[in-house]
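The values are calculated or read from the model by the stated rules, or taken from the named source; none is laboratory data. What you are looking at is a predicted structure, and each value in this text was computed from that prediction instead of being measured. Virtual Cβ from ideal backbone geometry, glycine too; neighbours counted across all protein chains shown. For the accessible areas, the whole protein counts, side chains as well, though only heavy atoms, and no ligand, DNA or RNA atoms are used. Shrake-Rupley method; radii C 1.70, N 1.55, O 1.52, S 1.80 Å.
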Amino acid sequence: MVTNLNIFQSKILSNERLFANTYLMWLQSPDTASVARPGQFVMVKCGESNLLRRPLAVHQVSRNYKKIALLFAVVGKGTCWLSSSGAGETLDVLGPLGNNYELDRDAKNILIISGGMGIAPLYFLAQE
């Protein structure tokens, strides 16, 4: 388990609308990309107001390029603000947080199932 708690400014590399209310955002995050594990999440500050940080699962990691991806659905003020953020802007991010998933390396025929946005952290698990 990773115990380092990092608060950092992360540059948005891209923010792509995939479906009606679903976005894929890539962030330049060297520290998080080097230590994040499947099942962990980050807390993203959304806007300048006093809105609470939004917990978003680490969806993908590119360790070579030191970046992470967040997959999120627009469901309220915070994620609406996040969906309108663009490349070049910076976000205040806290993480990685939470426990990670552990799979037995000798396991065979693994089935990964999720519903809705539950796919976000499981994609990273399959990637690893």
What residues qualify as long-range amide H neighbours of Asn6, i.e. H under 5 Å apart, gap of 5 or more or another chain, H built at 1.01 Å from N?
-> Gly95
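When every alpha-carbon pair in the range 82-128 is counted, what percent end up more than 11 Å apart?
Considering the range 82-128, 80 percent of its Cα-Cα pairs are separated by more than 11 Å.
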Within straight-line cross-link reach of Lys66, lysines at Cα separation under 21 Å, skipping those fewer than 8 residues along the same chain = Lys11, Lys45
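Carbon and sulfur atoms: what percent of the 1.4 Å accessible area of the chain do they account for? Intermediate values should be presented prior to the final figure.
Details: 3900 of 7510 Å².
Its accessible area is 52 percent carbon and sulfur atoms.
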Which ³J(HN,Hα) values in Hz, rounded to whole numbers, follow from the phi angles of the range 47-59 under the Karplus curve 6.51 cos²θ - 1.76 cosθ + 1.60, where θ = phi - 60° and Gly and Pro get x?
-> x, 8, 7, 8, 4, 5, 4, 9, x, 10, 5, 6, 8
Pulled fully out, how much extra length does the chain show between Ile119 and Ser49, if you take 0.36 nm times their separation in residues and subtract their Cα-Cα distance?
-> 22.3 nm
Approximate spin-label separation Ala73-Ile110, in nm, with each point projected 7 Å along Cα-to-Cβ | 2.5
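Looking at the range 1-70, which chymotrypsin sites (Phe, Trp or Tyr not before Pro) are DSSP coil and have at most 16 other C-beta atoms within 10 Å of their C-beta? Write down the numbers at each step before the final one.
Values: sites: Phe8, Phe19, Tyr23, Trp26, Phe41, Tyr65; in loops: Tyr65.
Counting only loop positions with at most 16 other Cβ atoms within 10 Å, the chymotrypsin sites (Phe, Trp or Tyr not before Pro) in the range 1-70 are Tyr65.
Using the heavy atoms of the protein chains and a 1.4 angstrom probe, tell me the accessible area per residue for the chain in square angstrom. If you can, show how the numbers build up before the last one.
Numbers: 7510 Å² over 128 residues.
Per-residue value: 59 Å².
To the nearest 20 debye, what is the magnitude of the charge dipole of the range 53-128 about its Cα centre, counting +1 on the Cβ of each Lys and Arg and -1 on the Cβ of each Asp and Glu?
Dipole size: approximately 180 debye.
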Per-residue ³J(HN,Hα) for the range 77-86, Karplus 6.51 cos²θ - 1.76 cosθ + 1.60, θ = phi - 60°, Hz, x for Gly and Pro = 4, x, 6, 5, 4, 4, 5, 8, 6, x
